[in-house]
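See below for the structure under consideration.
The values are calculated or read from the model by the stated rules, or taken from the named source; none is laboratory data. Only a predicted model underlies this, so the values are computations on that prediction, with no experimental measurement involved. Cβ sites come from the backbone with ideal geometry, for glycine too, and all protein chains shown count toward neighbours. Surface areas here come from the heavy atoms of the whole protein model, side chains and all, with no ligands, DNA or RNA. Shrake-Rupley method; radii C 1.70, N 1.55, O 1.52, S 1.80 Å.
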Amino acid sequence: MPVIDILLSDFLKLSEVDKLSYIKDYALLYAQQFSRKDLDDYCILADKCRALFKSTEGAQKLAGLLSNRIALNFFVQPSSRTFLSFSAAQAILGMKRMSLRDLNISSISKGESLEDSIRTFLSYVDLVVMRHFDNDAAAIAFWVAAKAARRVSIGDEERPIPIISGGSGNLHHPTQALLDIYTLGKSFNESGGIDGKKIMLVGDLKRGRTVRSLSYLMKNYNNVELIFAAPDQFQMKDDIIKFLDSHKIPYSKIDSIRDAIDSVDAIYMTRVQDEWDKVEKGGHPPTNDNVIFKKEYLKLMKPTACLLHPLPKRDEIEIEVDYADDPRVVYWRQERNGMWMRVAIIATIFQCDQKILDS
Ligand code: NCD
């Protein structure tokens, strides 16, 4: 049975949900592909890897798992955290790593198509993690991998070389959403987990792929409520609103953090994604004051609430917040959690999760 039996042009026309019937667990492209059990399992596995790595013996065990595999990190949009944490995660699992970060020094600059370039990568590596400005690039890569003759042995199957999205255009950032769930789960460890929580997403919700992917994951939790705090021009797009409606997830739209700061359980800040503006590159415009997290807001936040940010941040969080020594400020821990979540993601895709849990 071939993994894919349709033309690329037809595959790209499918909705994301329909694409998932081909993608299954061969690749990781969309947050919509995860069930509650998947999310719980990823978090348990990330914790287990973290604990194992503390001992030399445990670290050696992890490093033995994928030592015969090579990863390519194909990141052609700017990235610090996602690139480095994937690279570190691969190192923890013993993978050999390569990276391609600039289209100008790849054959794409000579006119090679993305399809041919991906096909070339697949000749050398066993995993492609990619970040691309084109919303469809990761889906194209999956299709090419599914069609390619080269397969990788995973469990007792010969599978297409796995593709993981590390950020697709301004639509998807599924692994960020997984690490956000891991961080939220940890923050709510003593307050009953993510179910029943009120989560405020702040900033550029229109073009921020992190908040979009995180919104999709909310279908897996009971009685979660979302609050979108953004100026009108950056409010959440209708496709996500429709998704929330179809899953009966309540939400509201506001334009100032102040209106909900004292009632929410989590505040998820984002920066203005001005790389999508068709203006001269240069300085960054200041953030609208209504969606800046001020130090004084720490006093208004619930004692059990947490403050997240996928990072990088600019002026949307007052710098004093970083040094307030407040345990509810979790974005630097969120960053570290990302590496462990990515260890769990790669281990799961190569089916060594059970081996890790058994050690
Ligand atoms: C985010 C991204 O690239 O979408 N960064 C990240 O991966 N942590 C958020 C952003 O760039 O604002």
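Structural remarks
- Projected label points at ALA149 and LEU84, each 7 Å from Cα along the beta carbon direction, are separated by 4.2 nanometres.
- Heavy-atom accessible area order for GLU296, GLU225, largest first, 1.4 Å probe: GLU296, GLU225
- Inter-label distance, nm, simple model (7 Å from Cα along the C-beta direction), GLN233/SER123: 4.7 nm
- Placing a pseudo-label 7 Å from each Cα along the Cα-to-Cβ vector at ASP358 and SER191 gives an inter-label distance of 4.0 nm.
- Cross-link reach is defined here as a Cα-Cα straight distance under 16 Å, omitting same-chain residues fewer than 8 places apart; for LYS313 the lysines meeting it are LYS294, LYS295.
- By accessible area with a 1.4 Å probe, ligands and nucleic acids excluded, highest first: order of LYS313, LYS248, LYS19, LYS147: LYS248, LYS147, LYS313, LYS19
- 10 Å binning of all Cα-Cα separations within region 59-153, expressed as whole percents from 0 upward: 15, 46, 32, 6, 0
- Of all accessible heavy-atom area on the chain, the percent that carbon and sulfur account for (1.4 Å): 50 percent
- Within region 291-312, backbone nitrogen closer than 20 Å to the virtual label 7 Å beyond the Cα of ARG336 toward Cβ: 305-312
- Stokes-Einstein, applied to the Kirkwood radius of the chain over Cα pairs at a viscosity of 1.567 mPa s and 4 °C, places its translational diffusion at 61 µm² s⁻¹.
- Average accessible surface area per residue within region 200-356, 1.4 Å rolling probe, Å²: 45 Å²
- Summing Lys and Arg as +1 and Asp and Glu as -1 over all other residues whose Cβ lies under 11 Å from the Cβ of LEU357 gives a net charge of -2.
- Among residues other than ILE317 with Cβ under 10 Å from its Cβ, the summed charge is 0 (Lys and Arg +1, Asp and Glu -1).
- Length gained on full extension, ASP277 to ASP25, computed as 0.36 nm times the residue gap minus the Cα-Cα distance: 87.3 nm.
- Cα-derived Rg over Rh, computed across region 174-328 with Rh taken as Kirkwood radius: 0.94
- Surface listing: ARG97, ARG81 arranged by accessible area from highest to lowest gives ARG97, ARG81, probe 1.4 Å.
- Modelled label reach - ASP134, point 7 Å along Cα→Cβ, region 85-116 residues with backbone N closer than 16 Å: 101-116
- Proximal lysines relative to LYS37, as straight alpha-carbon distance under 22 Å, when same-chain residues fewer than 8 apart are discounted: LYS19, LYS24, LYS48, LYS186, LYS197, LYS198, LYS219, LYS248, LYS355
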